[in-house]
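These notes are about the structure you will find just below.
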């Protein structure tokens, strides 16, 4: 596989698809979900808990963030104490929520405008199959020459991450017929480590159809990546 093609696509993804490298739990598929994620990403919270039951922490978080947040049946029936000891000042609400669930070995998902605290087993079981037609990517993805890369002396918000500027590259007219590269891009840039950690998650390409088993968040990121790749074909 042409190394310059791989390098260019990875650089384009790094500068253009920030959500794929972020927390997969913050992927949205509805306007209700988007409002919740916007609140979590923009609001700063201060918390001070010492061995406080998770239910009380969630009640407090619900009140200060003004979001719908619930415990799943699996969490409520687990029988674990789930006590939180956490002190933070002016921390982004999304990061605070992530710390809270991590402390008690739980996770969460956002669905229909509700934050649902769930067990990791519930997360692994919450997968479904989706088919994506990627024949256009397999047979028409352009073969780019290696891009010109320079470091800006004083980067701005429009310069790309860390002040790195990627100059335009030329199309050499090649095609991509090997699905291996596309699968690698998907697994390296979507759904975090779930491809390895969750035995239910998988991805393969058969006759130009990408067959994916993932969570709702994972499918959202796969779909976003495919659409982004289509911009460069």
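Where a number appears in this text, it was derived from the coordinates with a stated rule and is not lab data. Quantities reported herein were computed from a predicted structural model and do not represent experimental measurements. With ideal geometry, Cβ positions are generated from the backbone for all residues, glycine too; neighbour counts draw on all protein chains shown.
Antiparallel beta bridges, as assigned by DSSP with both residues in the range 25-119, represent about 75 percent of the total such bridges. Here the spin labels are modelled as points 7 Å beyond Cα on the Cα-Cβ line, and at residue 213 and residue 56 they lie 4.2 nm apart.
Prolate is the label for the range 24-141, because a/c, from the alpha-carbon gyration tensor with a ≥ b ≥ c as root eigenvalues, is 1.5 or above and a/b exceeds b/c.
Using the Cβ-Cβ distance between residue 232 and residue 204 with R0 set to 25 Å, the FRET efficiency works out to roughly 0.65.
Placing R0 at 35 angstrom, the Cβ-Cβ distance between residue 131 and residue 193 gives a FRET efficiency of 0.90 after rounding to 0.05. Summary of the geometry: the range 70-145 and the range 179-233, compared by the centres of their Cα atoms, lie 17 Å apart.
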